[in-house]
Amino acid sequence: MVPHDFEHNAVHISVWRNVQKQRKPNPDPSLRRDIYWDLRGRHQTEYDLRLDALPDEGVADTVAGEIFRAATKIYYDCFNNAMVNNTSGALNYLARLSVLSPSKHSAIDATLAGIFETIHPYCIGARIHYGEMDVLYAVEALLDRTLDFLREHPHLDNTDNSLDYHTLRDQDERPCMERCAIRNRLARDIDAEQARWAKEVEGRQQKQQKSGGSGKKKKSGGSGKKKGGVKGAKKKAQDHRLGSPGTKGGSPSGVWSGPSGEKENNGKKQKRRVRGKKSGHGKAKQQGGGTDLSAKFCKLGLGGN
């Protein structure tokens, strides 16, 4: 999903125009899915014939034509406009004519119960469509069911129509332009979030490369043993926190492994006199610290007429 461009893309079109007669499949055939939008729906041949038979503007002459007009209006608004228009009248019309009622011959009866409840909030703006898969599956099932219903009731192709589905429209909770504005704000927020995380990941990778390429620690002798030993312990604990390859607890993938909380000993013998007695081996401890940021890496996460 991409944001709406108010200046060039979000234009006012008469509700009487049957814009769903336009076909806009993915221009790359290798990326097309088995859906009507990409010309590969379950009843694609029948869908194409009925779509061509729709008038360019206004209601259909037959009940079957109006049923199909209503279903394709919802479908087109979902895939082309991200459900920013009020199509509740079309959905209410289908429910009123029992298109969404269970049938012995329908292959999608298991999903019929949730189609209306899933789509209706998007029709009136109670929910904003930003790539949610539930409504995409629902509108595809709606079109499958509509064509199944018309096959089961062939007499409707010869029944005159006297009702426009627009007369059954519910009140908007959010108007079209407000829905577009919300989608645009979401698009900007997501773009900014992705850029921020990419910059942070790049910074951590550079930091890990620096810590991993510092080379071997120098050995100090004589009177410098204690000083060198403590420095070596600090460096080893730092490598452990950053997950440098080859360190205990480090992450081979280079991802921050979090605080280790383990003690590190310098392994050097140190001598000092306390009240005339020799002390035991001195141990320099370094506690792993820092903030565990691994949880942040799990959150990365978009039409017009």
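The values are calculated or read from the model by the stated rules, or taken from the named source; none is laboratory data. The structure presented is a predicted model; accordingly, all values stated were derived computationally and were not measured. A quick note on method: Cβ atoms are made from the backbone with ideal geometry, for glycine too, and the neighbour counts reach across all protein chains shown. The area values use the complete protein model at the heavy-atom level, side chains included, leaving out ligands, DNA and RNA. Shrake-Rupley method; radii C 1.70, N 1.55, O 1.52, S 1.80 Å.
Table for the structure above
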{"read-out": "Residues with amide H under 5 Å from that of Arg17, placed H, sequence gap 5 or more", "value": "Gly58"}
{"read-out": "The stretch 36-107 - percent of accessible surface contributed by carbon and sulfur, probe 1.4 Å", "value": "50"}
{"read-out": "Extension gain, Ile182 back to Leu163 (0.36 nm per residue minus Cα-Cα distance, nm)", "value": "3.5 nm"}
{"read-out": "Efficiency of FRET from Cβ geometry, Ser211 and Met133, R₀ 51 Å, rounded to 0.05", "value": "0.80"}
{"read-out": "Amide H contacts under 5 Å for Thr62, placed H, 5+ residues apart", "value": "Asn161"}
{"read-out": "Two-decimal Rg to Rh for the stretch 21-153 - Kirkwood Rh, Cα set", "value": "0.93"}
